[in-house]
Amino acid sequence: MPAPDDTKTRIISAAMKAVRQYGLEGVRIQNVSELAGISPGAIYRYFDSKDQLLVECFTYIDMQAAAIFDHLKFDPRMLLTDPLQAVKGLWLPYFRFWVARPDETIFYHRFRDSAFFPKYDREREVNYFDSFVGMVRVFRRVFPSLAEMNQDLLWLHVLTSTVLYAKYVVEGILPDDAETEEAVFRLLATGLSGYLKP
């Protein structure tokens with residue numbers, strides 16, 4: 001949660017909560033200001049527009065999600081002995097990150113699904129995903145057959161599907177339990193298993 005004196009972070013958190021309540025298109029600066037406990041004018045001291053606020057919300061949560069991979073223990077040798085367990089060891093913390101953050105998960109899903117996202121995605125800087133990209137490179141070295149698949153499609157499928165299933169959990173459509181985690185992982189891993197051959 002944001003520190004009480006961190007007004008910008010409080011605004012970002014309030015904006016994500018407001019998007020969850022009112023939708024991406026329906027949210028207003030007034031909604032955000034009420035949830036943040038500050039005046040609408042104070043928001044404009046930090047953000048030039050609602051669009052800029054929404055972009056910064058996305059970047060804020062995207063950077064937090066990427067940071068998960070900075071802290072994971074990743075032993076490439078495990079890819080040779082138990083590749084699916086190695087994948088699960090990377091995937092499960094990512095899935096749990098989203099399940100633990102309902103407002104962020106709903107916001108992230110709605111923003112990525114918006115007409116605004118493709119233009120933003122082409123222009124954004126994503127060097128904060130360097131740890132994840134490094135892990136992907138290791139996978140490609142160990143499993144050359146992964147190169148047969150379009151890499152954007154492969155990782156977009158894994159990451160986007162993970163967020164979508166987490167959204168179903170935070171909305172109460174799917175239960176938040178180990179059985180669901182295992183079922184979601186198996187669904188995702190089925191698509192990967194044919195490629196995980198050294």
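The values are calculated or read from the model by the stated rules, or taken from the named source; none is laboratory data. From a predicted model like this one, the values you see are computed outputs, not experimental measurements. All Cβ positions, glycine included, derive from the backbone under ideal geometry; neighbour counts span all protein chains shown. These area figures cover heavy atoms from the full protein model, side chains too; ligands, DNA and RNA do not enter into them. Shrake-Rupley method; radii C 1.70, N 1.55, O 1.52, S 1.80 Å.
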Among the numbered conditions (1) part of a loop (DSSP other than H, G, I, E, B); (2) at pLDDT 95 or above; (3) surrounded by fewer than 19 Cβ atoms within 10 Å (Cβ to Cβ), tell me where Asp5 comes up short.
(2)
What number of residues within the range 112-128 are of a type in the set (A, V, I, L, M, F, W, C), under 17 Å from Leu159 (Cα atoms) and out of contact with any Phe, Trp or Tyr (no Cβ under 7 Å at 6 or more places or on another chain)?
1
Looking at the range 49-73 only, could you name the residues that are open to solvent by 60 Å² or more (accessible area, probe 1.4 Å) and not in a helix (DSSP H, G or I)?
His71, Lys73
Of the residues in the range 11-48, those that are among the charged types (D, E, K, R) and surrounded by 19 or more Cβ atoms within 10 Å (Cβ to Cβ) come to Lys17, Arg20
Every pair of residues 6+ apart whose Cβ atoms lie under 8 Å, when the first sits in the range 136-152 and is more than 18 Å from Leu84 (Cβ to Cβ) and of a type outside the set (S, T, N, Q) while the second is assigned to a helix (DSSP H, G or I) and at pLDDT 80 or above:
Ala147/Arg140
In the set Asp75, Asp121, Asp103, Asp51, which member is more than 30 Å from Pro175 (Cα to Cα) and touching a residue at least 60 places away in the same chain (Cβ under 8 Å)?
Asp51
